[in-house]
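Each remark here refers to the structure printed beneath this line.
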Amino acid sequence: NLIGFYVVADQQGTIIDSITGQSLTPGQEGYAEAAIDASVVEFKVEENLTTVNFDVTLPGGSLLAPYLVTDGDLDDLENGDAEVFFAFTAANSDGMSHILELGNGSDNTFTFAFEDLSDNDSEQSDALTEPLRDRDFNDLVIDLTLL
């Protein structure tokens, strides 16, 4: 898996396409590609990874949103061998939440919980026709501290 953060223009997840200058909202065609292009940092999640430090300088008032590439990296995503999920449900191909923000950012620390399973490829349960995705949001939990 790969985690990244990209710049959004507002709390609804609007981004400005760096090529066209067009505003895109979650769910619009081209949103995923433009969001990945707007990424300011990404890191591969390795087993037993505990800490990743990175420095990014952003203008004051900038808003960041996380994304998760499942079962691969950006190359796999480009080749169609991985899937990407965003904090904004409308941007996700299965229309489900995959990233939750836990807490309120006290002490400039934000906690995100990730669900890496998609409803797109899941088999349906027999009687309930409910997708088998576990919805536990414990596949990855990260703390992001802003300095």
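Points to keep in mind about this one:
- The range 38-66, residues that are in a loop (DSSP other than H, G, I, E, B) and touching a residue at least 60 places away in the same chain (Cβ under 8 Å): VAL45
- Test set (1) surrounded by 14 or more Cβ atoms within 10 Å (Cβ to Cβ); (2) within 19 Å of ASP143 (Cβ to Cβ) - LEU49 fails condition number: (1)
- Test: residue in the range 86-98 that is touching a Lys or Arg at 6+ places or on another chain (Cβ under 8 Å) and among the charged types (D, E, K, R): no
- For the range 71-80, the condition of being without any contact (Cβ under 8 Å) to a residue 40 or more places away in the chain and either β-branched (Val, Ile, Thr) or in a loop (DSSP other than H, G, I, E, B) (or both) holds for at least one residue.
- For ALA90: the one exception among (1) in contact (Cβ under 8 Å) with a residue 60 or more places away in the chain; (2) in a strand (DSSP E or B): (2)
- Candidates THR14, THR20: the one that is loosely packed, with under 13 Cβ neighbours inside 10 Å and among the β-branched types (Val, Ile, Thr) is THR20.
- Pair list, Cβ under 6 Å, 6 or more apart: the range 26-37 residue outside any helix (DSSP H, G or I), other residue of a type outside the set (Phe, Trp, Tyr) and surrounded by fewer than 20 Cβ atoms within 10 Å (Cβ to Cβ): PRO26/ALA90; GLY27/ALA90
- Residue in the range 77-91 that is surrounded by the fewest Cβ atoms within 10 Å (Cβ to Cβ), counting only those that are within 16 Å of GLY4 (Cα to Cα) and not charged (D, E, K, R): ALA82
- Summed over the range 4-25, the residues that are under 29 Å from ASN53 (Cβ atoms) and outside any loop (DSSP other than H, G, I, E, B) give a count of 7.
A short reminder: the numbers here are calculations on the coordinates, not readings from a lab. The structure displayed is predicted, hence computed values, not measured ones. Reconstructed Cβ throughout: ideal geometry from the backbone, glycine too, with neighbour counts over all protein chains shown.
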